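Colleague: Here it is, the structure, as structure tokens.
The values are calculated or read from the model by the stated rules, or taken from the named source; none is laboratory data. It should be emphasised that the depicted structure is a prediction, and the values quoted were computed from it without experimental measurement. Note that each Cβ is placed from the backbone with ideal geometry, even for glycine, and that neighbours are counted across all protein chains shown. Protein only, heavy atoms only, side chains kept; ligands, DNA and RNA dropped before computing areas. Shrake-Rupley method; radii C 1.70, N 1.55, O 1.52, S 1.80 Å.
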Amino acid sequence: QAQLVESGGGLVQAGGSLRLSCADSTSTFSSYARGWFRQAPGKERQFVAAVSYSGISTLYADSVKGRFTLSRDNAKNTVYLQMNSLKPEDTAVYYCTAGAYSARPEEYKYWGQGTQVTVSS
């Protein structure tokens, strides 16, 4: 059964770093674009980053550009979100997705369970 499994969330101090991982356990989504979204308490789900199936093209939200890097390792069926210079406003549940190459959540049909990222002041 196809499944996206996320890991790497946790508590970190402002200015620190975290790396999120999302594994495709059955190699179902190797030819799909992959993305990350986040949702803070009381707010709408926001686009964070996306990478094309080839790994050549990437999109980033303005709020994370220059701080976050999305990459994929097809040999390991895994995508990563490297988050540096974290700020308290980055605190949210982060969701891994697979689908079309887009910043719109409706273009992604497959979602992970979400992982909590908390950044303290």
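Colleague: Scan the range 90-121 for residues that are open to solvent by 60 Å² or more (accessible area, probe 1.4 Å) and touching a helix residue (DSSP H, G or I) at 6+ places or on another chain (Cβ under 6 Å) and report the count.
Modeller: Here the count works out to 1.
Colleague: Still on this structure, please answer the following. Which members of the range 79-89 meet the condition of being within 12 Å of the chain's Cα centre (by Cα) and crowded, with 17+ Cβ neighbours inside 10 Å?
Modeller: The answer is VAL79, TYR80, LEU81, MET83.
Colleague: If the requirement is being modelled with pLDDT of 95 or more and either among the β-branched types (Val, Ile, Thr) or part of a strand (DSSP E or B) (or both), which of these qualifies: LEU81, LEU86?
Modeller: After applying the criteria, what remains is LEU81.
Colleague: Among PHE37, PHE68, which is open to solvent by less than 30 Å² (accessible area, probe 1.4 Å), modelled with pLDDT of 95 or more and in contact with a Lys or Arg (Cβ under 6 Å, 6 or more places away or on another chain)?
Modeller: Just a single option satisfies the conditions, and that option is PHE37.
Colleague: Further question: Scan the range 53-100 residue by residue and report those that are touching a residue at least 40 places away in the same chain (Cβ under 8 Å), in contact with a strand residue (DSSP E or B) (Cβ under 8 Å, 6 or more places away or on another chain), more than 13 Å from ALA33 (Cβ to Cβ) and of a type in the set (Ser, Thr, Tyr).
Modeller: Answer for the range 53-100, where residues must be touching a residue at least 40 places away in the same chain (Cβ under 8 Å), in contact with a strand residue (DSSP E or B) (Cβ under 8 Å, 6 or more places away or on another chain), more than 13 Å from ALA33 (Cβ to Cβ) and of a type in the set (Ser, Thr, Tyr): THR78, TYR80, THR91, TYR94, TYR95.
Colleague: Same structure, new question: For the range 28-35, indicate whether the set of residues that are free of Cβ contacts under 8 Å to residues at least 24 places away in the same chain, among the polar types (S, T, N, Q) and closer than 17 Å to TYR94 by Cβ is non-empty.
Modeller: No, the range 28-35 contains no residue that is free of Cβ contacts under 8 Å to residues at least 24 places away in the same chain, among the polar types (S, T, N, Q) and closer than 17 Å to TYR94 by Cβ.
A quick yes/no check of all residues on (1) among the basic types (Lys, Arg); (2) modelled with pLDDT under 95; (3) open to solvent by 20 Å² or more (accessible area, probe 1.4 Å); (4) in a strand (DSSP E or B):
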site	(1), (2), (3), (4)
GLY15	no, no, yes, no
ARG19	yes, no, yes, yes
ALA23	no, yes, yes, yes
THR28	no, yes, yes, no
ALA49	no, no, no, yes
LEU59	no, no, yes, yes
